[in-house]
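In what follows, a structure is listed as structure tokens, so that the remarks can point back to it.
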Amino acid sequence: MTITAEAPVLADSPTDAARDALSTWYDVCSLTDLEPNWGEAALIGGRQVAVFRLPTDEVFAVEQRDPATEAHVMARGIVGSRGERPTIASPLHKQVYDLVTGERLDAPGTPIAAFAARVVGGMVQVAA
């Protein structure tokens, strides 16, 4: 399955608006194709991306490659949260990353690439 997702976009943010103008949005799948709290891998613009749906129907996309091990496994990670921040924990060594920013939260370390994701007309889209 090919999945495209976008992190929540604030309409009045010039940074987000500028990013959107420069990004190409890719249709990934229908929102109903994604199980809540479960990831799917997608090939978007030649790059492997992990796409996640939360129970609130928010969608997020991060790089499929685990920065710590170089394995393409993040879609099988553990979805959770740190306070209000949605997170993904690597399935291999459990490093925890913010799904919005890609920041590593459990210790200093390499962040993971995060992509803008959204749902438009029931279709999950990812900007790359």
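If the condition is being touching a Gly at 6+ places or on another chain (Cβ under 7 Å), among the hydroxyl-bearing types (S, T, Y) and under 17 Å from T56 (Cα atoms), then the stretch 74-104 contributes only T87. Filtered by the rule that a residue be under 20 Å from L34 (Cα atoms) and within 13 Å of the chain's Cα centre (by Cα), the stretch 104-128 gives A114, F115, A116, A117, R118, V119, V124, Q125, V126, A127, A128.
Residues that are modelled with pLDDT of 95 or more and in contact with a helix residue (DSSP H, G or I) (Cβ under 7 Å, 6 or more places away or on another chain), at least 1 per element: which strands (runs of 3 or more DSSP E) completely within the stretch 17-71 meet that? Quick ask: steps written out before the conclusion?
Working: elements: 25-30, 38-44, 47-53, 59-63.
Once the strands (runs of 3 or more DSSP E) in the stretch 17-71 are filtered for at least 1 residues that are modelled with pLDDT of 95 or more and in contact with a helix residue (DSSP H, G or I) (Cβ under 7 Å, 6 or more places away or on another chain), what remains is 38-44, 47-53, 59-63.
Mind listing whichever residues of the stretch 80-103 are part of a strand (DSSP E or B) and either closer than 20 Å to R47 by Cβ or under 11 Å from the mean Cα position of the chain (by Cα) (or both)? Break it down into steps so the answer makes sense when it comes.
Here is the first cut: in the stretch 80-103, the residues part of a strand (DSSP E or B) are 80-82, 85-89, 96-98.
Those that are part of a strand (DSSP E or B) and either closer than 20 Å to R47 by Cβ or under 11 Å from the mean Cα position of the chain (by Cα) (or both): P86, T87, I88, Y97, D98.
Taking the condition of being touching a Ser or Thr at 6+ places or on another chain (Cβ under 9 Å) and either part of a loop (DSSP other than H, G, I, E, B) or buried (at least 20 other Cβ atoms within 10 Å of the Cβ) (or both), how many residues in the stretch 119-128 meet it? Total satisfying the criteria: 6.
Out of E103, E40, E35, E84, one residue alone is open to solvent by 70 Å² or more (accessible area, probe 1.4 Å) and in contact (Cβ under 8 Å) with a residue 12 or more places away in the chain. It is E35.
The values are calculated or read from the model by the stated rules, or taken from the named source; none is laboratory data. No experiment lies behind these values; they were computed from the predicted model shown. Every residue, glycine as well, gets a Cβ built from its backbone with ideal geometry; the counts of neighbours run over all protein chains shown. The area values use the complete protein model at the heavy-atom level, side chains included, leaving out ligands, DNA and RNA. Shrake-Rupley method; radii C 1.70, N 1.55, O 1.52, S 1.80 Å.
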